[in-house]
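> Pasting a structure here, questions to come.
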Amino acid sequence: MSNSDTIVEVRDLNVTFEMNRGQSRVVRDADLDVARNETLGIIGESGSGKSMLASSFLNAVVEPGVSTGEVTYHPDDGEPVSVLDLSESELNRFRWEEIAMVFQGAMSSFNPVTTIRTHFRETLQDHNRDIPAGMDRARELLESVYLDPDRILDSYAHELSGGMKQRALIALSLVLEPDVLVLDEPTAALDLLMQRSIVTLLRDLQAEYDLTLVFITHDLPLLTKLADRIAVMYAFNIVEIGTTDDLLYNASHPYTRALLDTTPDLNVPVEEMNIIEGSKPDPVDHIPGCSYHPRCPMADERCRSDDPPMMTVSNSHESACFYYDEADDAVTISAAPETRPASGQSAATDGGEN
Amino acid sequence: MASDPMLSMDGVSVEFTDDGGVLDLFGDSETVRAVNDVSLELGEEETLTLIGESGCGKSTLGKTAIGAQKPTSGTVSYRGQDIWEARNDSKNASIPFDEIRHSLQIIHQDPGSALNPNQRILTSLQLPLKKWYPELGREEREERIHTLFERVGMSPPSDYLNRYPHQLSGGETQRAVLVRALLLNPDLILADEAISALDVSLRVEMMDLMLELQDLFQTSYLFISHDLSNARYIAEKSGGRIAVMYLGEIVEIGTVEEIVENPQHPYTKALQWATANLYEDEDDEEFPLRKIDVPDPTNLPSGCSFHPRCPNAREVCKRQHPGRIHAGGDEENYARCFRADDTHEYWHSPEIADEPPVDSP
Ligand code: SF4
Ligand code: SF4
C-alpha cells in the first residue's frame, strides 16, 4: 500500500497524557498510510488507542493530551499539509474542508435551540460559502442518508431519533466537501439495524462523493461489511494491517486471530465461542518486548525482550509478530472457513462455501 | 396443567400518554401503545430473550413482567397470583406483593445506577439483605455476600467490597449488580440490555457467568437485548426461546432454530441482516427494509405494523393485521406474518407500489 496514492500519512505518532501515576502513552510510535478513496477501518478494544490515533488525523486530541510525530495530509492538488503544525484558525478550516470527523458523542453536538437548517446555514456562512449552492448540496446529502430534506431541515435535533440525528450529522459533516471523513464509533449507541443501515449507506456515500473514509470501531463484523482495509490496534499501536480479506482469511497476528475467534458469530456453534484470556494493558505501563506477550499463547524469550517490527506478510499485509507465519496454527478461528474465497473483497462477495 | 407457571402474562397491553415527558419526540400529547396484546409464560429456570429495536416496547414489557409497570389491560400473574391484585387487595392475595416483587429482580442496562456512588459496594449490597432478611446478623449478611463474590470470580471479596462503584471496571460493576440481584434468591431476573455496555470480549464471559449461576440458583431469566447474536448465545446455551418485538407486539417467537436458522417474519430477517457475521454472510448488499426508520409509535400503521418497512409487503398487509400463525405446528411459537401461512390471500394480493425510502420525523 505504501506506494499507492496516500492521502494521510502518519509517522512516529505518539499521544501522551501526563497523569498523577505517571505518563500515560495512549498511542506509541504509530505509522499508518491511508490511501486516497479507500475505506480504512481501525479496530481495537476500548482503550487500545484507536480513537486517539484517529483524532490525531485532525489534531483533535483533547487537552491535556499531546500528539507528537508527523501527520501529513496530501491534498488532491497542492502542497502537503503538516497537520500537527496547523494554527487554531487553520485547523478550523482544515477540519471541515479537508478532513471532517463524526464521533460517537457527536449526536449531542447539535444545538438544541436551532433547527437543523440553521446548522447547515451557519456552517456554510462561517466558511464563506455560497449559501444557496451549499443548501442545495445539503439537501442532496440529506437524501443520500435517507432523510427527507423538507422535514429534517425544519426540525430540532430532539425531534429526531438517534439514527436520524447521526445521519443528519454525517450529512452536515460533508457539506463543505471534505475529502476525508473520520468516523469514530459513529453508530455505537444505535440499534444494530440502524448501525448496519448506516454502514450500508456510507458505502454508497463514499462512492458518490469520492470520499476517503476512516471508520473506527470495536465492532469487527460490522467493519468487515464496510472496510477495504483494516488496521488492528492493540496496546496503543497497530499490530496488523491488511485488506479485509487478508485479515479475515489469513490473520497473521495472534491478537487479531484471538479477536476473530472471540467475535460472536451466528454461524458458530455456541460451544466454540471463546474469550481472550488476560487483561488489557495499562497505558502507564511500559511493556518490554512485544506488547501482546503477556497474553500471547506463542510468546517465548525473544518476545519478552524484543519488540517485533512490522513484518511483511504479503504486499498488502503486515503483522507485528515475529512468528506471523505460525500464528494460524497456534490460534485457530472457529468461524473461519477452511479456504479463502477465490476472489475479491469479502465486503462485496458472499464469503465462501455454505 | 399441573401447577401455575412461575410467571404468566395474558393479553397484556401498556399505554402511555405523552405529557411532554420522555415521549416528546413527536410533538403533541398522544397515546403510545408501548406493549400490545402480549401473552407469555415463563417456567422455572426458563430463559426467554426479547429482542427488537429501541422503542419497540421490550423494556416496558420486561418491567411489566416483574411488576414494576402496571399494564393498561391484561394480567400478569406470579404462580397464579395476579400481581396487581396482590398489590391492591393484599388481604385476599395468596402471595403478598412484597414477596412477588422480591422474587422478580432486575439488572439494568446501566449497572452502575443500581449502586450508590457514595457508598462502598459492601454497603450497597447489604441494603437489600437488611430489608428482606431482617433476621440475618451482620456477619451472616457479609458471609453471603463474600461467598457470592467468590462465586462470580471477584476474589478476594474484601478487595472489591471496600471499593466505591467508580473504582470497579464495567465488568466488575456488572458482576456486583448481578450479586446484588442474586442475594435475594429471586425466581426471575430481568436483565435489560445488561451486557450491551460491555466490550465484545467481555460479553461472552458475562453471559456464561449468568448461565452458570442459573443452574446454581435455579433462576429464570428474561433477557432483553437489541443484539440477535447475544440473544442467540443465551437461548442456545440455556435452551430457551427468543421473542422478537416490533412496535409493541411480539411478531415472532420460537426456538433458536426457528428464529436464527429459519426466521419466518421479514423483520426477524432484517434483524439477522443487522447482526453481521464475519464469515459466510449472504445477501450483504440488499437493504432488507423499504424504510430505515421506525414509524411514529403514536400513529401506528394500518394492517401489519411492519408494512411500511417490509420488503415483502403486499396490499393486504395494509388492511389486515396478522394474527399468531403457528407455522411450525407448535402451539406456543408463532409468527405474525401472512407469509407463514401458505394458504393466506396474501399470496394473491398485489405488491405495494414503491414509495421513496426517505422518512420523516
Ligand atoms: S511477537 Fe511473540 S508475543 Fe508477540 S504476538 Fe508474536 S508470538 Fe506473540
Ligand atoms: S404481514 Fe405483510 S407487511 Fe407484515 S411482515 Fe408479513 S409480508 Fe410484511
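The values are calculated or read from the model by the stated rules, or taken from the named source; none is laboratory data. Everything numeric here is computed off the predicted structure, so don't read it as measured data. So basically every Cβ, Gly included, is an ideal-geometry build from the backbone, and we count neighbours across all protein chains shown. The protein model used for the area step is the full one, side chains on, heavy atoms only, and it has no ligands, DNA or RNA in it. Shrake-Rupley method; radii C 1.70, N 1.55, O 1.52, S 1.80 Å.
> Can you tell me how many residues within region B:324-344 are over 22 Å from the mean Cα position of the chain (by Cα), in a loop (DSSP other than H, G, I, E, B) and near ligand 2 (Cβ under 10 Å from one of its atoms)?
Looking only at that region, the number is 2.
> Right, another one. Which numbered condition in (1) over 24 Å from residue B:312 (Cβ atoms); (2) open to solvent by 30 Å² or more (accessible area, probe 1.4 Å); (3) away from chain A (no Cβ under 12 Å) is the only one that residue B:255 fails?
Unmet for residue B:255, out of (1) over 24 Å from residue B:312 (Cβ atoms); (2) open to solvent by 30 Å² or more (accessible area, probe 1.4 Å); (3) away from chain A (no Cβ under 12 Å): (1).
> Pick out, from region A:187-254, the helices (runs of 4 or more DSSP H) lying fully within it that include 2 or more residues that are in contact with a strand residue (DSSP E or B) (Cβ under 6 Å, 6 or more places away or on another chain).
Numbers: elements: A:192-208, A:220-224, A:244-250.
Here the list reads A:220-224, A:244-250.
> Go through region A:21-43 and give me each residue that's open to solvent by 30 Å² or more (accessible area, probe 1.4 Å) and either at pLDDT below 90 or among the hydrophobic types (A, V, I, L, M, F, W, C) (or both).
Scanning region A:21-43 gives A:21, A:23, A:25.
> For residue B:274, all conditions in the list (1) within 15 Å of ligand 2 (Cβ to nearest atom); (2) open to solvent by less than 10 Å² (accessible area, probe 1.4 Å) hold save one; what is the number of the exception?
(1)
> Among the residues of region A:122-173, what is the count of those that are in a helix (DSSP H, G or I), more than 14 Å from chain B (Cβ to nearest Cβ) and either of a type in the set (Asp, Glu) or touching an Asp or Glu at 6+ places or on another chain (Cβ under 9 Å) (or both)?
Let us first name the residues in region A:122-173 that are in a helix (DSSP H, G or I), namely A:122-126, A:131-144, A:149-153, A:157-159, A:162-173.
Then keep just the ones that are more than 14 Å from chain B (Cβ to nearest Cβ); that gives A:122-126, A:131-138, A:169, A:172-173.
If we keep only those that are either of a type in the set (Asp, Glu) or touching an Asp or Glu at 6+ places or on another chain (Cβ under 9 Å) (or both) too, we end up with A:122, A:124, A:126, A:136-137.
Number satisfying all stated conditions: 5.
> Scan A:134, A:163 and give me the residue that is touching a Leu at 6+ places or on another chain (Cβ under 6 Å), of a type outside the set (S, T, N, Q) and within 20 Å of residue A:211 (Cα to Cα). I'd like the intermediate steps shown before the answer.
Details: A:163 fails: within 20 Å of residue A:211 (Cα to Cα).
A:134 is the lone residue from the list that is touching a Leu at 6+ places or on another chain (Cβ under 6 Å), of a type outside the set (S, T, N, Q) and within 20 Å of residue A:211 (Cα to Cα).
> I would also like to ask the following. Go through (1) without any contact (Cβ under 8 Å) to a residue 12 or more places away in the chain; (2) under 21 Å from residue B:214 (Cβ atoms) one by one and return the number of the condition residue B:156 breaks.
Residue B:156 satisfies all of (1) without any contact (Cβ under 8 Å) to a residue 12 or more places away in the chain; (2) under 21 Å from residue B:214 (Cβ atoms) except (2).
> Regarding region A:182-203, can at least one residue be identified that is more than 14 Å from chain B (Cβ to nearest Cβ) and under 17 Å from residue A:144 (Cβ atoms)? First the steps, then the outcome.
In the first step, residues of region A:182-203 are kept if they are more than 14 Å from chain B (Cβ to nearest Cβ); the result is A:182-184, A:186.
Next, from what is left, pick out any that are under 17 Å from residue A:144 (Cβ atoms): A:183, A:186.
Yes, because at least one residue in region A:182-203 is more than 14 Å from chain B (Cβ to nearest Cβ) and under 17 Å from residue A:144 (Cβ atoms).
> When you look at residue B:289, is it more than 16 Å from ligand 1 (Cβ to nearest atom) and within 13 Å of chain A (Cβ to nearest Cβ), yes or no?
On the way: more than 16 Å from ligand 1 (Cβ to nearest atom): yes; within 13 Å of chain A (Cβ to nearest Cβ): yes.
In short, yes.
> When you look at residue A:177, is it surrounded by fewer than 18 Cβ atoms within 10 Å (Cβ to Cβ) and part of a helix (DSSP H, G or I), yes or no? Give the steps one after another, and end with the answer.
Details: surrounded by fewer than 18 Cβ atoms within 10 Å (Cβ to Cβ): yes; part of a helix (DSSP H, G or I): no.
So residue A:177 fails the test.
> Considering only region B:50-79, state which residues are of a type in the set (A, V, I, L, M) and buried (at least 22 other Cβ atoms within 10 Å of the Cβ).
Result: B:50, B:51, B:61, B:65, B:66, B:76.
> Just wondering, is there one or more residues in region B:92-112 that are among the basic types (Lys, Arg), touching a residue at least 12 places away in the same chain (Cβ under 8 Å) and over 24 Å from residue B:175 (Cα atoms)? Walk me through how you get there before you give the answer.
In the first step, residues of region B:92-112 are kept if they are among the basic types (Lys, Arg); the result is B:101.
Imposing the further condition that a residue be touching a residue at least 12 places away in the same chain (Cβ under 8 Å) reduces the set to B:101.
Subset that is over 24 Å from residue B:175 (Cα atoms): none.
The answer is no, given that none of the residues of region B:92-112 is among the basic types (Lys, Arg), touching a residue at least 12 places away in the same chain (Cβ under 8 Å) and over 24 Å from residue B:175 (Cα atoms).
> Would a scan of region B:297-315 turn up a residue that is away from ligand 2 (no atom under 16 Å from the Cβ) and within 29 Å of residue B:194 (Cα to Cα)?
Kept after step one, since they are away from ligand 2 (no atom under 16 Å from the Cβ), are these residues of region B:297-315: B:297-299.
In the following step, the residues that additionally are within 29 Å of residue B:194 (Cα to Cα) were identified as B:297-298.
Yes: region B:297-315 contains one or more residues that are away from ligand 2 (no atom under 16 Å from the Cβ) and within 29 Å of residue B:194 (Cα to Cα).
> Oh, and also: Among the residues of region A:111-121, are any within 12 Å of chain B (Cβ to nearest Cβ) and in a helix (DSSP H, G or I)?
Yes, because at least one residue in region A:111-121 is within 12 Å of chain B (Cβ to nearest Cβ) and in a helix (DSSP H, G or I).
Conditions (1) within 24 Å of residue A:102 (Cβ to Cβ); (2) within 14 Å of another protein chain (Cβ to nearest Cβ); (3) among the β-branched types (Val, Ile, Thr), marked per residue:
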{"residue": "A:7", "(1), (2), (3)": "yes, no, yes"}
{"residue": "A:13", "(1), (2), (3)": "yes, no, no"}
{"residue": "A:30", "(1), (2), (3)": "yes, no, no"}
{"residue": "A:60", "(1), (2), (3)": "yes, no, no"}
{"residue": "A:68", "(1), (2), (3)": "no, no, yes"}
{"residue": "A:77", "(1), (2), (3)": "no, no, no"}
{"residue": "A:80", "(1), (2), (3)": "no, no, no"}
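> While we're looking at this one, here's another question. Scan region B:189-232 residue by residue and report those that are among the hydroxyl-bearing types (Ser, Thr, Tyr) and either more than 9 Å from chain A (Cβ to nearest Cβ) or farther than 20 Å from residue B:54 by Cα (or both).
Kept after step one, since they are among the hydroxyl-bearing types (Ser, Thr, Tyr), are these residues of region B:189-232: B:196, B:201, B:219-221, B:225, B:229.
Once the filter is applied, which keeps residues that are among the hydroxyl-bearing types (Ser, Thr, Tyr) and either more than 9 Å from chain A (Cβ to nearest Cβ) or farther than 20 Å from residue B:54 by Cα (or both), region B:189-232 yields B:196, B:201, B:219, B:220, B:221, B:225.
> Here's something else I'd like to know. For region A:294-330, name all the residues that are within 12 Å of ligand 1 (Cβ to nearest atom), under 16 Å from residue A:232 (Cα atoms) and open to solvent by less than 30 Å² (accessible area, probe 1.4 Å).
Listed by number, the residues that qualify are A:296, A:308, A:319, A:320, A:321, A:327.
> A further question follows. Looking at B:176, B:235, B:243, which is the one that is assigned by TED's automatic domain parsing to the domain that holds residue B:72, within 12 Å of the chain's Cα centre (by Cα) and either closer than 19 Å to residue B:57 by Cα or buried (at least 21 other Cβ atoms within 10 Å of the Cβ) (or both)? Walk me through it before giving the result.
Details: B:176 fails: within 12 Å of the chain's Cα centre (by Cα); B:235 fails: within 12 Å of the chain's Cα centre (by Cα).
Among B:176, B:235, B:243, only B:243 is assigned by TED's automatic domain parsing to the domain that holds residue B:72, within 12 Å of the chain's Cα centre (by Cα) and either closer than 19 Å to residue B:57 by Cα or buried (at least 21 other Cβ atoms within 10 Å of the Cβ) (or both).
> Next question. Tell me the residue from B:300, B:271 that is within 11 Å of chain A (Cβ to nearest Cβ) and over 18 Å from residue B:346 (Cβ atoms), please. Even if it seems obvious, please write down each step before you answer.
Working: B:300 fails: within 11 Å of chain A (Cβ to nearest Cβ).
The unique qualifying residue is B:271.
> Of the residues A:263, A:312, A:243, which single one is at pLDDT below 90 and either over 27 Å from residue A:37 (Cβ atoms) or away from chain B (no Cβ under 14 Å) (or both)? Don't jump to the end; show me each part of the working.
Details: A:312 fails: at pLDDT below 90; A:243 fails: at pLDDT below 90.
Of the residues listed, the single one that is at pLDDT below 90 and either over 27 Å from residue A:37 (Cβ atoms) or away from chain B (no Cβ under 14 Å) (or both) is A:263.
> Name the residue, out of B:332, B:345, B:315, that is modelled with pLDDT under 85 and either within 25 Å of residue B:30 (Cβ to Cβ) or among the acidic types (Asp, Glu) (or both).
B:332
> Grab the strands (runs of 3 or more DSSP E) fully contained in region B:196-282, keeping just those with 3 or more residues being of a type in the set (Ser, Thr, Tyr). Let's see the steps before the verdict.
Values: elements: B:220-225, B:241-246, B:249-254.
Result: B:220-225.
> Please find, among A:55, A:46, the residue that is surrounded by fewer than 20 Cβ atoms within 10 Å (Cβ to Cβ) and within 14 Å of the chain's Cα centre (by Cα).
Values: A:55 fails: surrounded by fewer than 20 Cβ atoms within 10 Å (Cβ to Cβ).
Being surrounded by fewer than 20 Cβ atoms within 10 Å (Cβ to Cβ) and within 14 Å of the chain's Cα centre (by Cα) holds for just one of A:55, A:46, which is A:46.
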